[in-house]
Amino acid sequence: MNDSKPGSGPPASLSVRALALIPKARILGLPGDPRLSAAQRNIFAEADERRRHLLPHELDHLSDNPHSAARLVGILQPEAEALVARARRQLLEEQPGLIQAGGGLYPPFRAAACWRDLWQFLRCVLYGAASGIVDFTSPRGVQALELLYQELHVPLGAMVRGLELLKQHTITIGPIHQPTGETVVACFDHLIGSLRGFRASQEQEHLT
């Protein structure tokens with residue numbers, strides 16, 4: 001999902017399959033979504049390519065979309081690093097073994113990749129909320145991410161829990177109880193549901 005790529009470690013540790021999946025694991029579908037204008041699709045394409053937050057004038061351009069939470073996104077974006085830090089801290093309080101020898105986020109480069117992914121997930125959730133489109137993901141990108149996570153043995157339970165915690169901490173900021181806040185919550189739920197789907201498909205494979 002990001003420049004360092006989900007679950008990735010030193011380049012020498014990546015398999016050929018993982019390297020092939022990395023450029024395909026782009027979960028954002030908004031750059032090609034026909035429900036948006038061409039100008040809005042370009043906003044998301046450029047922002048996603050640079051892995052950056054939306055700029056004030058871009059949020060203004062999106063604010064008239066039905067269900068857009070663009071103004072609330074403008075409040076939440078500066079808090080992204082702190083929100084990820086809170087989610088990380090709580091996840092490790094709940095599951096301290098994750099970063100210990102033998103844990104799913106050990107050695108440290110795996111934990112660092114997890115925290116980067118949580119930041120990137122939040123970035124994409126906020127893109128979706130700004131657009132007003134809850135199902136903001138790309139099915140192909142999500143499928144590639146699932147395969148990449150399988151290849152890299154990413155601990156899906158921890159990722160899902162981390163995203164749930166990120167949602168919990170995000171909704172403590174700003175007027176989430178307002179209709180636009182509901183858009184933010186719905187975007188989180190959409191992405192959490194996608195990651196839970198990874199787990200369901202893996203469990204089904206183990207049963208067959």
Point to revise | Fluctuation leader among 141, 197, 128 - the chain, Gaussian network, Cα springs under 10 angstrom | key: 197
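Starting from the Cα-Cα distance between residue 92 and residue 20, subtract it from 0.36 nm times their residue separation and give me the gain in nm to one decimal.
22.8 nm
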**Study point:** Cα-only radius of gyration and Dmax that characterise the chain, units Å
**Key:** 16.7, 51
Exercise for review: With a/c under 1.5 counting as rounded, go ahead and sort region 82-123 into rounded, prolate or oblate using the C-alpha gyration tensor (a ≥ b ≥ c being the square roots of the eigenvalues; past the cut-off, prolate if a/b is larger than b/c, else oblate).
Suggested key: oblate
Check your understanding: Per residue of the chain, what 222 nm ellipticity follows from adding -39500 (n - 2.57) for every DSSP H run with n ≥ 4, rounded to the nearest 500?
Key -> -20500 deg cm²/dmol
Revision key, fill the gap. Taking placed amide H atoms and a strict 5 Å upper bound, the residues 5 or more places from residue 28 or on another chain that come that close are 138
Point to revise | Residue order, fewest to most surrounding Cβ atoms within 10 angstrom, among 166, 72 | key: 72, 166
Study note, to complete from the structure: Between residue 115 and residue 101, the two model label points (7 Å from Cα along the beta-carbon direction) sit apart by a distance in nm of 2.3
Point to revise | residue 13-residue 82 pseudo-label distance in nm [points 7 Å out on the Cα-to-Cβ vector] | key: 3.2
Point to revise | Residue order, fewest to most beta carbons within 10 Å, for 63, 68 | key: 63, 68
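Read-outs: derived from the displayed coordinates by stated rules, not from any lab. The model shown is predicted, which means the values in this text are computed figures rather than measured ones. Heads up, the Cβs are rebuilt from the backbone with ideal geometry, glycines too, and the neighbour counts pull from every protein chain shown.
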